[in-house]
1. Out of everything in segment 643-659 that is in contact (Cβ under 8 Å) with a residue 40 or more places away in the chain and in a loop (DSSP other than H, G, I, E, B), what residue ends up being surrounded by the fewest Cβ atoms within 10 Å (Cβ to Cβ)?
2. Identify, please: which residue in segment 477-501 is surrounded by 20 or more Cβ atoms within 10 Å (Cβ to Cβ) and under 25 Å from the mean Cα position of the chain (by Cα) and is, among those, farthest from Ala532 (Cα to Cα)?
3. Limited to segment 453-475, what total is found for residues that are outside any loop (DSSP other than H, G, I, E, B) and closer than 25 Å to Arg617 by Cβ?
4. Restricted to segment 505-537, and to residues that are without any contact (Cβ under 8 Å) to a residue 40 or more places away in the chain and of a type in the set (A, V, I, L, M), which residue is nearest to Val584 (Cα to Cα)?
5. Filter segment 624-642 for residues that are crowded, with 17+ Cβ neighbours inside 10 Å and either over 20 Å from Val308 (Cβ atoms) or of a type in the set (Asp, Glu) (or both) and give the result.
6. Can you find even one residue in segment 332-339 that is of a type in the set (D, E, K, R) and outside the structural domain of Arg102 (by TED's automatic domain parsing)?
7. Would you check if Glu474 is surrounded by fewer than 20 Cβ atoms within 10 Å (Cβ to Cβ), of a type in the set (Asp, Glu) and at pLDDT below 90?
8. For Val565, indicate whether it is touching a strand residue (DSSP E or B) at 6+ places or on another chain (Cβ under 6 Å) and not assigned by TED's automatic domain parsing to the domain that holds Gly139.
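The values are calculated or read from the model by the stated rules, or taken from the named source; none is laboratory data. Predicted model only: the values in this text are computed from it and were never measured. Neighbour counts are summed over all protein chains in view; Cβ atoms, including those assigned to glycine, are modelled from backbone coordinates with ideal geometry.
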Amino acid sequence: MVSSRLQQRAANLRSEINVHNYRYYVLESPTVSDGEFDALLRELQHLELKYPRLLSPDSPTQRVGGRPSEKFSKVAHPETILSLGNANGATETRAWFERISRLDDSVRSADLVVEPKIDGLTVVLHYENGIFVRGATRGDGDVGEDITPNLRTLRTLPLRIPANPDVDQSVPSHLVVRGEAFMYKRAFARWNHRLADKGGRLYVNPRNAASGALRQLDSKLTAERPIALLCYGVIAAEDFDVGSQWETLEYLRKMGFPVSEHTRHFTGLEDTITYCEEWAEKRDVLGYEIDGMVIKIDDLSLNLKLGVAGKDPRGAVAFKFPAQEVATKLNDIGVNVGRTGVLTPYAILEPVEVGGVTIKQATLHNFDFVAKKDIRLGDRVIIKRAGEVIPYVVRPIVDERTGQELRYRSPGICPSCSEAVNRQTGEVALYCVNGGCPEQRVRNVEHFVSRAALEIDGLGKRVASQLVGSGLVEDVADIFFLTEAQLQELDTFAERKSRSLLDAILVSKQRPLDRLLAAFGIRGVGAVAARALAERFGSLDALEGATPVELQQVEGIGPSIAVAVEEWFSRPRNQQVLRKLRAVGFWPKWQPASEVELGPLAGYSFVLTGILPGWTRRQASIFIEENGGRVSSRISSQTSYLLVGANAGVKLKRARSLGIPEIDVDRLRSLVAVASEVD
């Protein structure tokens, strides 16, 4: 037994040390010397070592790093961790504001909050009854990696809230906070210097260093690295009655979370823009890397009402700073082959750092651009990079030429298959006309399975290259004939991964007609044109027999797209693809909205939580919606079912409190199958 006196002493030590940590790392105003602090920490360590029952999750002794982890488990976020849309400068910011004002006129009089857009790693922090219990990366927005032991090592992260016991603030039973982990520039420079002294691998920028540190399997290594934290949002909470973003930031400060001192509150858009432009001029004086400022509608209820466009909340935007330019040497020009056979040149550069990122390659747009700008091998060139945009060559520096530079000649043969290339009348692009070109087939498969097309999870560029290179996939339809035995003959494909991919392929066969049309990669036929064609013709059979005149009667389909559609269906190779798709039963027909509403899940609403076996959340949502159901992100008394996967979050607790039925993926499929049999 541990006496109550020792329990109280350990509790007092934890509280006192946490306060000193908060004052030192967050407020930067310590009230004790290092020696006094170390004495308190040693006393607590001694008590916990002698009496293990005194050890608690919020103990500051747990920051030093624990036993190495075998792997990172997955964490389902309570709500989707959204990204941000970009606005390049004042004009695009005003355009964003005007767009959302048209959705809700109250936006025009709304207050705004501005925060630095930190170039770091997004982290999601979970607290239960004031104790830090779990931390994760953003991952894909729905599911992240559990990096709890590593986050515990961050001195600025409060292990218990409020960090200052003198703060009079009730603690919610459940709180999930969003923040950004990063390294200060000086700390990063010192860390890289230490690595250089040890002969270690240097990091190119603070963001990569912070991300690498938080993904260490041994948290002791993380503890050695100078990672900082700034928080700026509440993702989920029980009994959280804060109504604005500005109040949220103040709440986080009170609780002891580090919040940027450069956040500002404004009552008008123009003052907001001015503040962002000022930081665009002086961003280099800030202690950490930022690539813009984030502008948010202050009113959280209005923000929620504005909703989401794609993956971006409408009520917030990233004011991106102007691009950065540097000069370097052009060593060579390479050529990529796209899925439609287009040859695209790219610059192979002397490595150079732009905005903290080392650039070795940059786009050259097309061969006409190279000729028009008279870009030569060996030239010194200006390259430009804006945010996450692919860097590109702007122009050569003619005045620095030495006479050793060589003029570039466009290729006459495809670098992938060595077949002749040609240029179509009226176009600047060069094309490889060989439909069997290996690189084209890889690109075609990549597009076919991409998120914008059939969205086959687990089939990315590397797997596409494996499938094409091994001869298992000659065309996109061969994907549906793959077997578990074939996949397991490939490198990195064990039983579990093979089954997971085959399950994803099976799910993709439920995609509607417009998604399949978009997946074909017909020139000019994107998502909008594909939907228009599917709605007008209703089936692949009808579309295949349509004439260019009939195609042009569809809104948005001009002469060039009409010809491209007719040509695609006329090619023998594509006819073979269609025959294979019909053979595997993937031959969808267009379903009008009224028919979808009468599907087997019509009238039912679903909320998703946890990691779903064989499905991403998007795949599950598509399955539900295509069968007439509705997917919501919030649990309410109107929710019909909670679709539950592994590591379910707070939604499961909420659903049980409301008596909402729970189902898994297998039962969901059974609901659809049984209803279909009855029909």
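1. Asn647
2. Residue satisfying both the conditions and the ranking: Ser498.
3. So the count comes out to 4.
4. The extreme case among them is Leu506.
5. Residues satisfying the conditions are Glu626, Asn627, Gly628, Tyr641, Leu642.
6. yes
7. No.
8. no
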